[in-house]
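Computed from the coordinates by the stated procedures, all read-outs in this text should not be read as laboratory data. Just so it is clear, the structure is predicted and the values come from calculations on it, not from any experiment. FYI the Cβ positions are ideal-geometry reconstructions off the backbone, even for glycines, and counts take in every protein chain you see.
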Amino acid sequence: MDSNQIRSKFLEFFEKNGHKIVASDLLVPKNDPSVLFTSAGMNQFKEQFMGKVSEFRRAASCQKCLRTADLENVGKSATHHTFFEMLGNFSFGDYFKKEAITWAWQFVTEVLKLPKDHLWISVHEEDSEAYEIWANIIGIDAARIVKLGDKENFWPANARLCGPNGPCGPCSEIFYDWSQRYGCKRSDCNPACSCGRFTEIWNLVFTQYDRQPDGRLAPLPTKNIDTGMGLERVATVMQNVRENYLNDLFTPITEALKQELSRLNVTPKPEWLDTNAKTVVDHIRAAAFAICDGVTPSNEERGYVIRKLIRRSLINLKQTGVEKPFCYKLVFSIAQVMKTAYPELDRRHEMIAAIIKKEEEAFYLILTERAGQNEMKFKEYAENKEKFLSAAITTANIAFTEYDTYGVPLEISKENAKKFGLDISDSDFEKEMDEQRNRSRSRTQLSGQIFAKTVSQAVSGVCSEFVGYEYCEYQAKVIAIVKDGSLVSEAKENEKVEIILDKTPFYAQAGGQTADRGVISKENFLAEVTDVVRVDEAILHSVVVKHGSLKKDETVLADVGRDLRLACARNHTATHLLQYALRNVLGIHIEQSGSLVTPEKLRFDFTHITQIPKEILKNIEHSVNKTIWQDLPVETKILNLDEAKEECALAFFNEKYGQKVRVVSVKNTSKELCGGTHVNRTGQIGMFKIVSESSIAQGVRRIEAVTAEAAFSFLQNNDELLSTVGSVLKASPDKILTTLIKLSEQIKAQERELKNLKLAALGEHSEKFIKAAKKIQGINVVIGESEYEEVEFLRKITDLIKEKADPVISVLVGAQKDKPLLLVGISSSLAKKGVDAVAIIQEINQACGGKGGGGKKELAQAGLVDINMKTQVLAKAFNIIKTKFLKR
């Protein structure tokens, strides 16, 4: 049975047994800052597990997951992966142990048809209820039921003793027995043994306790079920292949890897194929899925994890001799394997491959530019170990600086450190990373999360109805007032509070559209609405009370600012028309990555690799305006989600939708799922003007635009600017370009003439420095301050000194007034003997209170911190060179 069949049969089985089939959540969990990635099937059901009952009490899913806790085991172990799929069924206060166990047994024996005598069960040693169900109701032979402790059969593991506080409970696992021919071959071997004979295929967690701060396990009022069956493991068992990398989820990708290596005439050793190849396949599979879900490689948080996976893959490939972009070639095969369950991966595979390729190119550029300097850092550490340790500088500190400042991967630093007998502690490096992440986290985000949680508790059970599609003004009843996260009975003058109405025309911020603004009033009361948010089922109006007071149950007039509402509606409909035009002109790979709709402007982020040429951008802009000028009707209707998909309505990939959705369509053009406010006809937009197009991340572009009055003002401002330029140039608008081209050519000619004059004087300038050179062991040492600022001229002077005074070490400081430039040049004869310009410049810079410097062995440069360092460099450089680099 292939993996697609296993996945579909699992979901079909539980759907027949009354479960709602819920699509996989993204790898980037929404509204859950506690985790970087979705790591378990239950992550997207946290609210249900916390008692917030939704429209379903039973659910089943196949969840994409990503974990990096066991990276070192990936490729070495038969079952460890970074990306994996978790099949799971869940109960939120509905059924419990008997049903969960019965259905699990039915599925593995009747649907998967696994032989019963190959299945073993583990239960918690104190869970007699689960044991009785397995032994007496299911009829499992007691010899194949093992009782294990908290570490193996309690969730979270060891929670009773160590915490955390909160929901927890025993679990029961189903194991597949490969028979006594495998593993330790002992007659008493059972699932507690780690010899490899048994593969755990399903874990059933019975969440029945609430751990208290004193360690007590209090019974939960409603008991939950959370199960997890790893698809990769089940596929391995069903296909009888003993390890996950040999099942149908991995073998086509491994074959693609071998074929690509063969095209490069690379024949890896068998041991590399047995471990390293698996690591590459696993890591790029994980990276592809993460990039598909909106994560791009970077130095921060999730992006850092994906960058690490790609670079670990490249380090593994380096062992075969591959030292150029390669991993991106595997994306197509990954997409083909997974496209049945995840068609979005197939749709985006070119974009994903381009992002991975770009990351690979950046990696090799770093290696080319920094490899020598990185090695020298650890050589210096090995030679001066006591000095570094007395300053509390570890190899992990150096590795982190190399990574943070220059982007050198930890693996490269480890490789270079090893050459000099040095180790780098992973835990110390991660500690440095954690400290950097903590520094970069925004405190405002955290306070926002705390506020949302507090308000959520205060307004639990309070419901509001949005009537803003039909009305901009509405008589409504005050059903709650919140101040500082708590319910209050009255709002008083000058206070800032949140007002909740039974019905409201105010749109709450959602889907990229900002909230409506306006006023809430009644006789002798006026409040200005500054923001509107939805918390659970309640719509909260953040207001400043201008005068009077307001009490719960009073009736008010909620009045939305009509001009602002119309401006927002124009920009929102224009955003839909823009996406339609982008897909029409550039291709269907265009998908929304984010958006912002305000009364002032619109912003649209979308998947696309390259910059859009100006002519193409003009075509897109014209396409939008053409639709506007046709004055087409904008229609909305409520449909079931499946019906909307059948009508090919576009959905925002990162958004979760309910069963009922609102479809906004423009005749014969755009059709999208959207809850925002829109115009009735496209003609109301008036005009559409693109203001900018830019890159915001790898594979993600951004267009900013304005409509109606704002677009007209933009054009007027440009016209006024053109008129001003014409006046300065004394040229009519139609002659401005010709005049500018003529002026530009004149300026370039003058610059060339000036440059030639300066270059002619460089020879004389270099001779001045050579005459003042001092000798150390027959080597010329030139130290001086140049009158030139331009880097090009400073390098040329250095080259002339190297040419005329070989062997020579040249140290020049530029004439910049703010942060002078420092250049160190080494003649090639000295470089061959091991003298390194980078090492010298870094030593000089550090001795004078600066930091860093880079380049190549024969030429390095650095920026001095300020003008005062210039004097120190000129004074100290000779002695540093003499004592540290030219000592006998």
Return the long-range amide H neighbours of V497 (sequence gap of 5 or more, or a different chain), with a cut-off of under 5 Å between placed amide H atoms. V543, V545
Classified through the alpha carbon gyration tensor (a ≥ b ≥ c as square roots of its eigenvalues; rounded if a/c is under 1.5, else prolate when a/b is larger than b/c, else oblate), segment 822-888 comes out oblate
Under 5 Å from the placed amide H of L422, counting only residues 5+ away or on other chains, we find none
Skipping prolines and chain starts, which residues have an amide H placed within reach, meaning under 5 Å, of the one on W202, given they are 5 or more residues away or on another chain? I174
In Å and on Cα atoms, what radius of gyration and Dmax does segment 151-308 show? 20.7, 64
Packing-based order for 515-523, 768-776, 348-356, 745-753, using average beta carbon neighbours within 10 Å, highest first: 348-356, 515-523, 768-776, 745-753
Neighbours of T555 by Cβ distance under 9 Å: Lys/Arg at +1, Asp/Glu at -1, summed charge 0
Suppose a student asked you for the relative contact order of segment 818-888, using Cα pairs under 8 Å spaced at least 6 residues apart; what percent would you report? 36 percent
Just to be sure I understand the model, the point goes 7 Å from the Cα along the line to the Cβ. What's the resulting S460 to R534 distance in nm? 2.1 nm
Percent of beta bridges antiparallel (DSSP, the chain, rounded to nearest 5): 90 percent
Rounded to 0.05, the calculated FRET efficiency for the beta carbons of K418 and T368 at R₀ = 22 Å is 0.60
In 20 Å bins starting at 0, how do the alpha-carbon pair distances of the chain split up by percent? 11, 32, 35, 18, 3, 0
Of all DSSP beta bridges with both partners in segment 729-888, the antiparallel percent, nearest 5, is 70 percent
Could you tell me what a quarter of the Cα convex hull surface of segment 137-222 works out to, in nm² with one decimal place? 6.9 nm²
With each run of n ≥ 4 DSSP H residues scored as -39500 (n - 2.57), what mean residue ellipticity at 222 nm is computed for the chain after dividing by its residue count and rounding to the nearest 500 deg cm²/dmol? -12500 deg cm²/dmol
Considering the options I145, M238, N265, tell which one lies farthest towards the positive end of the dipole of segment 141-267, charges being +1 on Lys and Arg and -1 on Asp and Glu at the Cβ, about the Cα centre. I145
Between A69 and K660, what is the spin-label point distance in nm, taking each point 7 Å from the Cα along the Cα→C-beta axis? 4.1 nm
When DSSP assigns beta bridges and you keep just the ones with both residues in segment 107-206, what percent turn out antiparallel, to the nearest 5? 75 percent
With only alpha-carbon pairs counted, each pair once and no self-pairs, how large is the Kirkwood hydrodynamic radius of segment 568-693 in angstroms? 14.8 Å
For every other residue with a beta carbon closer than 11 angstrom to the beta carbon of V111, add +1 if it is Lys or Arg and -1 if Asp or Glu, then tell me the sum. +1
Listed here are the pairs K324/K802; K775/K832; K379/K851; K618/K748; which of them are more than 24 Å apart at the Cα? K324/K802; K618/K748
With a cap of 15 neighbouring Cβ atoms within 10 Å, and only residues DSSP puts in a loop, list the GluC sites (Glu not before Pro) found in segment 82-132. E126
How big is the charge dipole of the chain about its Cα centre, in debye rounded to the nearest 20, if each Lys and Arg gets +1 on its Cβ and each Asp and Glu gets -1 on its Cβ? 2680 debye
Between K771 and Q750, take the C-beta separation as r, use R0 = 30 Å, and let me know the FRET efficiency to the nearest 0.05. 0.35
Lys and Arg at +1, Asp and Glu at -1: add these up for the other residues within a Cβ distance under 11 Å of Q5 and post the number. -1
